[in-house]
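The values are calculated or read from the model by the stated rules, or taken from the named source; none is laboratory data. Note that the structure is a prediction, hence the values are computed from the model and not measured. Neighbour counts are summed over all protein chains in view; Cβ atoms, including those assigned to glycine, are modelled from backbone coordinates with ideal geometry. Keep in mind that these areas ignore ligands, DNA and RNA; they rest on the heavy atoms of the full protein, side chains included. Shrake-Rupley method; radii C 1.70, N 1.55, O 1.52, S 1.80 Å.
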Amino acid sequence: MRQRNRNTCARLAAIVLAALAVPPTLLSCSRGSRESPRKESEVQENRKVSIGFSIDTLALERWQRDLDVFMNRAKELGADVIVQNAGNSVEEQNKQLLYLMERRVDVVVVVAKKRDSLTESIQKLRAKGIAVISYDRLITDADISLYISVSTEKVGELMARQLVKLNAGPRWFCILGPDEDYNMTLIKKGIGKVIAGKGIGIMDTFYTDGWNYDLAYQEAVHVLTGASIPDAIVCGNDAVAVSVLQAIEDYNPGRHIALCGQDADIAACQNIVQGKQDFTIYKPITQLAADTADYAVRLAKGTPPEELVPSRTVINNGFGDIPVIWLDPQIVTKDNIDEVIVRSGFHTAGEVYRLARGRNAADAD
């Protein structure tokens, strides 16, 4: 009996020692066979995405609209957005980009104050594996991941074609935005392509530093009180066009000078239906902002930038060939404003025609 107990105890001891001798890796594999680990791609796909949005200013109606659409779409996609407003300061924008890096965002979307001023900050972001999207304005001399914008060169082409169609005259003057905004270069390039060989000349070009509309007004006054008044004035955006229109009304009342801008701001649309501004260029801002949110999330989840651009379109920004996505602009005149602006929901009919109706009512009285 004692011998049987001793044998039983010996067998139990052997079993325990054998169990203890099993390598930990084998034990962990045994657990894994019952509970399969999630694939890395699946974890990447479902994780929370953080996006930084760096913008030079929110003072313009245009940028407020862009940001609202972007944030709403990002939220729908389950992403968090950290917004940084540089207040028209290059130094502040660089500081804020480094702040976004410290917050460990996955992607940064940038509306640059100055096209060639962010090289070092973007280099630091990229070194941390953070993708950078250049939004609407091309950032030059920097390693950006993707550039998405409305085709600004085509904006210039549309402006020139419409002015030619209107027989605006041969003497044009340009009051654009700041020279540091590469979009102004593209606008002039588009205009130049259309007017080449047509006997039309650009008298001069004024670049409005910091999009300062007082400066735009002052330059318009200088031009309108000079010896040679232009037949047409091309403006960098609709807010500049409002300043120029004010100068025309102050110093050349009753004289029509062909006038155009871009962005389809509500003031411009109201001036178009009243016959004060000839046309604007509508840019599909809602689509631009929403698409950019989509691309930002896809970049964050590991999609290579080249796969986001099926046509493999690129633009050289001085650093290298950058994948680019172009959206198409559209001319807006008094004849098609209902179709392009009102029916698309960009502005309501009440907003567009409010001032015109008010004026008609006053005239009737």
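Numbers below:
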{"item": "In the range 319-332, the residues that are part of a loop (DSSP other than H, G, I, E, B) and surrounded by fewer than 17 Cβ atoms within 10 Å (Cβ to Cβ)", "result": "PHE319, GLY320, ASP328"}
{"item": "Selection count where residues are farther than 23 Å from ASP181 by Cβ, aliphatic (A, V, I, L, M) and either touching a residue at least 60 places away in the same chain (Cβ under 8 Å) or assigned to a loop (DSSP other than H, G, I, E, B) (or both), scope the range 72-115", "result": "4"}
{"item": "Segments classed as strands (runs of 3 or more DSSP E), wholly inside the range 138-227, with at least 1 members that are open to solvent by 10 Å² or more (accessible area, probe 1.4 Å) and touching a residue at least 60 places away in the same chain (Cβ under 8 Å)", "result": "171-176"}
{"item": "Long-range neighbours under 9 Å by Cβ, at least six apart or interchain, first residue within 18 Å of ALA227 (Cα to Cα) and open to solvent by 80 Å² or more (accessible area, probe 1.4 Å) within the range 242-263, second small (Gly, Ala, Ser) and outside any helix (DSSP H, G or I)", "result": "HIS256/GLY275"}
{"item": "Residue that is least open to solvent (accessible area, probe 1.4 Å), among those in the range 289-309 that are in contact (Cβ under 8 Å) with a residue 60 or more places away in the chain and outside any helix (DSSP H, G or I)", "result": "VAL309"}
{"item": "Residue count for the range 117-132, restricted to those that are assigned to a loop (DSSP other than H, G, I, E, B) and surrounded by fewer than 16 Cβ atoms within 10 Å (Cβ to Cβ)", "result": "2"}
{"item": "Any chance GLU219 is over 27 Å from LYS154 (Cβ atoms) and acidic (Asp, Glu)", "result": "no"}
{"item": "Of the criteria (1) assigned to a helix (DSSP H, G or I); (2) touching a residue at least 12 places away in the same chain (Cβ under 8 Å), which one LYS276 fails", "result": "(1)"}
{"item": "Scan of the range 28-68 for residues that are modelled with pLDDT of 90 or more, assigned to a helix (DSSP H, G or I) and open to solvent by 30 Å² or more (accessible area, probe 1.4 Å), ordered by number", "result": "GLN64, ARG65, ASP68"}
{"item": "Top-ranked residue in the range 333-344 [being part of a loop (DSSP other than H, G, I, E, B) and not basic (Lys, Arg); ranked as farthest from THR119 (Cα to Cα)]", "result": "ASP335"}
{"item": "Some residue of the range 87-108 being surrounded by 15 or more Cβ atoms within 10 Å (Cβ to Cβ), over 17 Å from the mean Cα position of the chain (by Cα) and closer than 18 Å to ILE315 by Cα", "result": "no"}
{"item": "Residues of the range 228-265 satisfying the condition of being modelled with pLDDT of 95 or more, farther than 16 Å from TRP211 by Cβ and touching a Lys or Arg at 6+ places or on another chain (Cβ under 9 Å)", "result": "ILE229, PRO230, ASP231, ALA232, LEU245, ILE248, GLU249, LEU259, ALA264"}
